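Down below is the structure, laid out as structure tokens.
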Amino acid sequence: MKVKLTKGELKKQRDALSQYERYLPTLQLKKQQLQLEILQQLSLLTEKKQLETKKKEAISVWAGLLSEEVGGFKAWILPLNVITTEKNVAGVVLPVFEKAEFPEADYDLFDTPLWVDFAIDAFRQLVCLREEIETIEKGIEILRQELRITTQRVNLFEKVKIPDTREAIRLIKIYIGDQLTNAVGRSKIAKRKIEEAVFEGAAA
């Protein structure tokens, strides 16, 4: 590590160390918040996937009743639009599933079986759940990427920046201290020589 062994450099290094030591706790806090949010989102993801499995099992009991005779059924359960909002976690913007919008199910009430309404609603719930799961998965990936970056920064400050700066300060202080000691020594020698010269002059 090469540093200038000057008082100006000492001040520069001390200022840098002060900045690093102020910034590090903020990074550590962000890291903890991201880790906590990832755990919460993973728990939510597990819960939603279990619910999805239950809904699929419930639908499978009567799904065989669906036939091509129910015209347009697939179109009625495909979302026209998926609406998401955002939330901020430790400075990271995450998508949050809000709702899915579906086309109007336009069919003849007299020619269509009574259970079709129920079937449409059940499938739409499943589709919404699938969209929500995908949104949570996207959020988790965003959080993990940010956690990787934040962890790298924490390690940089903890293991490189702060130790290197402290070492630079130590080296500069030693050098300045040595220079000061040498200067005092030289001053004493010069003073003694002057005193000796004056004494010898007076004796003569």
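Miscellaneous remarks
- When residue 43 is tested against (1) at pLDDT 95 or above; (2) over 28 Å from residue 131 (Cα atoms); (3) surrounded by fewer than 11 Cβ atoms within 10 Å (Cβ to Cβ), exactly one condition is not met: (2).
- Single match in 165, 135 (criterion: polar (S, T, N, Q), buried (at least 17 other Cβ atoms within 10 Å of the Cβ) and under 27 Å from residue 42 (Cα atoms)): 135
- All positions within segment 11-40 that are over 25 Å from residue 133 (Cα atoms) and of a type in the set (S, T, N, Q): 13, 18, 19, 26, 28
The values are calculated or read from the model by the stated rules, or taken from the named source; none is laboratory data. If you're wondering where the values come from, they're calculated on a predicted model, not measured in any experiment. Cβ sites come from the backbone with ideal geometry, for glycine too, and all protein chains shown count toward neighbours.
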